[in-house]
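Read through the structure below, which is laid out as C-alpha cells, and then see the notes.
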Amino acid sequence: MIVSAPIKWQGKQAFYVAGTGLNDDTIRIEGSHRELKERLSLVLPTLCITYADLRFANAVGGVQADYPDSAGYGPLYFDPPVVINGEEEIRKHTWIRGADQVTIGPKETVIKWWGWRTLVIPKLRIKSKKKAKAVISVPEVVITVSQPFSLKTMQYTDGRHVGGVQLVKRHPDWKPEPVGNDYGLWVRVTDGYTKGGIPEAKVSLYTWKAGVSAGKGEFVPESYWFTNGMGIVEASGLPCSSKKLVLVDCKPWLPQVWRFRPIGGQKVRLNFKLWQNKRGVCRYEWKMGDTLDDVASLAGTDPKAILDMNKLHSEKDLKPGQLIDIPCFEAVYRFEDRDTLKRISELFCYDSVEKLAEANKLAKPYKLYKEQAVLLPSWLFFIAPPGSLFEELDKRFKLPGGWTRPAQRRLHDNPAKAYDNEVIAVPTKEFAEKHAMNKWH
C-alpha cells in the first residue's frame, strides 16, 4: 500500500459581503485546521467595520457612515496604521471576536487569527445593495489525503444565516466517495409576514409515476414529515427518481407546492413562505354526486362548518340544485421571480394591464417586488381535493372548460390534473362570461 506524502499549500480567497439593510450584518469564519505555523488574515475595507470605542469613532469623523459612503473621508485617518494586539485590547476597541491582532489602515483593516478558532465580525456597516470586497489569506499549511484544509465563511443578518462561501483545498491524490443514488432534503417553512418558523407544518413528498401515454402520469405519495419548533424538516437517504413534488400544508396558512428533480448525492434545500389570505363566503350550487367532505376540502374547512353556516342538520338535507354558502379565500397573488403585471393580467384573463393596476391602485411604470400582494378581482381561491381534474373543477362551479387554474405559477406534468391540495383560482361566472379565456399551460 502506497501512502501519499503530505503537501504544503498557501493561497488567497476573495469574496464580497453585501449589506442587507437590516439591523446587524455579521461575518463568521470557522475552521479546524491546526497544522498552521502562521495566522490566517482577513482584509476588509476599514470603514465597513464598527468600532466600539469613542476615540476610534471620533477618528472617522464622529457618526460613522455606511460603506462605501464613508470612503470619502477614510484616507484622512489611521495613517500611519493603528495596530491593536491581544484579544483583550481588540475587544476593548472593536466588536471583533476571535482575533489576536487587528491593523487599522486608512483604507484597509487586516485581521489576523489562528485558523482553528472562530472569527466573528458583527455590526458591519455596509449600505444595502452595495458590497465590500474581502480577502482571506492562508499561510503555508500541511494537507494530507485524509485531512484537507477547510474554512467556512458565513454571513448572518439579525441572527439568520443568509449566505457564505467555503474554501476547501484537498490533496491531489484525494478521490471522492462514489455518489449513491440517493439524496437529502432540507425544508424550512416560515410565516410570510412574521418570518418566524412554523412548527407542526406537514411536509409531504410525492414521486412521479409515469402513465401509459406521455403526460398522463401522476404524482403519488412517498413520505411525509412534520416540521420541528424552528419550522424545519431534514431527511437523508431518499431514493432518486425522475421527478419529485413537495407539498407544505398547515392550516390556517394556504398550502404551497414545489416540483424538482433530485440528483444522487445532492442536498436539496427548499424554503417555503406561507401566507394567510382573508376568508370570504361564496354561493355554491349543490350537484348530483357531491359529497360534503369534498366540498369542505375545496373550501379548506370541515363539513360541520358548512352545515352550521347554512343551518343544516346533516348532508341528507342537501339536494341537487340547492344553493348554499361555502367559505373561500380572497384571491391574492404573491409576485415571484420574473413576474410582471402584464404576465399576471394575461394569466388571469384581464382585458388589460391597466384594469388590474387600477384595481390595486398601482401607478406606472408598475414596478413590483417579490412577494408583493396583488388582489385579483372577480377571482376566488380554493383548495383542490386530492385527485381533482381541472375539467371536473370547472363543472363544479358551472364554468366553461379551461377556466379553473393553479393559483401559483407551477409546472404541471399532467396539465389536466391539479396537484393534491394545491391552491386553485376560480373566476366568478359573471367574469367568465364577460372575458376571453386564456389557457394557463
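All of the numbers you see were taken from the coordinates with simple rules; none came from a lab. This is a predicted model, so every value here is computed, not measured. Cβ placement follows ideal geometry from the backbone for every residue including glycine, while neighbour counts extend to all protein chains displayed.
Below are the figures for this structure:
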| quantity | calculated |
| --- | --- |
| Relative contact order (%) - criterion: Cα under 8 Å, at least six apart; region: the chain | 12 |
| Alpha-carbon gyration tensor eigenvalues x 5, square-rooted, for the range 182-274, Å | 25, 15, 10 |
| Label-point gap, in nm, between Ala18 and Glu87 - each point 7 angstrom along Cα→Cβ | 3.4 |
| Extended-chain gain in nm, criterion 0.36 nm per residue less alpha-carbon gap, Lys209 and Lys195 | 1.5 nm |
| Rough spin-label spacing in nm, given labels placed 7 Å along Cα→Cβ, for Lys131 and Asp317 | 6.4 |
| Stretch gain in nm, segment Trp225-Lys8, where the contour uses 0.36 nm per residue and the Cα spacing is subtracted | 73.5 nm |
| The chain: Rg to Rh, with Rh as the Kirkwood radius over Cα pairs | 1.09 |
| The range 106-211 - convex hull of the alpha-carbon atoms, volume per residue in Å³ | 250 |
| Pairwise FRET efficiency - Lys107 versus Asp325, Cβ, R0 = 56 Å, nearest 0.05 | 0.20 |
| FRET efficiency for Ala363 and Lys398, using Cβ-Cβ distance with R0 set to 35 Å, rounded to 0.05 | 0.40 |
| Karplus 3J(HN,Hα) series, Hz, for the range 32-37 with 6.51 cos²θ - 1.76 cosθ + 1.60 (x for Gly, Pro) | 9, 6, 10, 7, 10, 9 |
| Phi-based couplings in Hz for the range 285-297 (Karplus 6.51, -1.76, 1.60; Gly and Pro marked x) | 9, 5, 10, 4, x, 5, 10, 5, 5, 5, 5, 5, 4 |
| Taking N as its residue count, the alpha carbon Rg of the range 241-399 over 2.2 N^0.38 Å | 1.24 |
| Euclidean distance of C-alpha centroids, the range 343-360 and the range 382-410, integer Å | 20 |
| Within the range 369-400, backbone nitrogen closer than 18 Å to the virtual label 7 Å beyond the Cα of Arg410 toward Cβ | 371, 380-394 |
| Residue of Glu140, Glu330, Glu315 that the Gaussian network model of the chain assigns the largest fluctuation, springs spanning Cα pairs under 10 Å | Glu140 |
| Net lengthening on full extension, Lys278/Val168 (0.36 nm per residue, minus Cα-Cα) | 34.7 nm |
| Calculated FRET value between Arg261 and Glu285, using beta carbons and R₀ = 35 Å, to 0.05 | 0.30 |
| Residue-count net charge about His33 - beta-carbon cut-off 14 Å; Lys, Arg +1, Asp, Glu -1 | +4 |
| Nitroxide proxy distance, nm - points 7 Å out along Cα→Cβ at Glu218 and Val142 | 6.3 |
| Backbone HN-Hα couplings from phi across the range 6-20 [Karplus 6.51/-1.76/1.60, Hz, Gly and Pro as x] | x, 10, 10, 9, 8, x, 10, 9, 9, 8, 10, 10, 9, x, 9 |
